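Every number in this text was worked out from the coordinates using simple rules, so none of it is lab data. Everything numeric in this text was worked out from a predicted model, so none of it was measured. Virtual Cβ from ideal backbone geometry, glycine too; neighbours counted across all protein chains shown.
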Amino acid sequence: MAKMVSTRLREKTQTLRLLGWIGEVMSEKWDQRFLKLAEHISGWSKDPSTKVGCVVVGEDREIRSTGFNGFPRGIADDMERLSDREQKYPLICHAEENAIMHAARIGLSLKGCTAYVTWPPCTRCARSLIQAGVIEVVYPQESDVPERWMADFEMSTQMMGEAGLMIRQA
Ligand SMILES: [Zn+2]
């Protein structure tokens, strides 16, 4: 009897382990899909120096919003403005901000969602992601972050951590 119970228990444990493993493989596959999509969308940015993409996904892996860095609608994004940092910085929306604002424009909630980004979010976007109710941020293992953003990324990671967001690299 005891042997039967332990065999059954072992089988159950093995099944659970297998399901856990399948689950991990599946979510790894979806992580890579959404990160690739974010990467693709980053290519739509006209910014000559930095191209960032963001895909916000709901709990059933449905895409709720996307964004890339660029000027607001109606603001001329010519090369003269885009290649001059002093003109560009006050005008540009970051990818995460655009994804959040596109959702706001059509009345869609991002509460409980995961944001896939090609870069770790900056402090400006971290604030918005927290306030929009995003609960998880995923960015690639290898993201080529320029030195000038490093201190800001450290602070945003700290901020998101303190607010209870899960931050991971995939
Ligand atoms: Zn940002």
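Yes or no: residue 111 part of a loop (DSSP other than H, G, I, E, B) and free of Cβ contacts under 8 Å to residues at least 60 places away in the same chain? Step through it out loud before you land on a result.
On the way: part of a loop (DSSP other than H, G, I, E, B): yes; free of Cβ contacts under 8 Å to residues at least 60 places away in the same chain: yes.
So residue 111 passes the test.
Would you point out which residue out of 96, 59, 86 is among the acidic types (Asp, Glu), within 13 Å of the ligand (Cβ to nearest atom) and either in a loop (DSSP other than H, G, I, E, B) or under 18 Å from residue 124 (Cβ atoms) (or both)? Step through it out loud before you land on a result.
Numbers: 59 fails: within 13 Å of the ligand (Cβ to nearest atom); 86 fails: within 13 Å of the ligand (Cβ to nearest atom).
Of 96, 59, 86, the one residue that is among the acidic types (Asp, Glu), within 13 Å of the ligand (Cβ to nearest atom) and either in a loop (DSSP other than H, G, I, E, B) or under 18 Å from residue 124 (Cβ atoms) (or both) is 96.
The residues of segment 34-50 that are away from the ligand (no atom under 13 Å from the Cβ) and farther than 16 Å from residue 100 by Cα, listed by number, are 34, 35, 36, 37, 39, 40, 43, 44, 46, 48, 49. Across segment 109-125, the number of residues qualifying as surrounded by fewer than 18 Cβ atoms within 10 Å (Cβ to Cβ) and more than 16 Å from the ligand (Cβ to nearest atom) comes to 3. When you check residue 47 against the structure, is it touching a Leu at 6+ places or on another chain (Cβ under 9 Å) and either among the acidic types (Asp, Glu) or in a strand (DSSP E or B) (or both), yes or no? Here the answer is yes, as residue 47 does meet what is asked.
With respect to the conditions (1) over 18 Å from residue 70 (Cα atoms); (2) within 12 Å of the ligand (Cβ to nearest atom), residue 106 lacks only one, and its number is (2).
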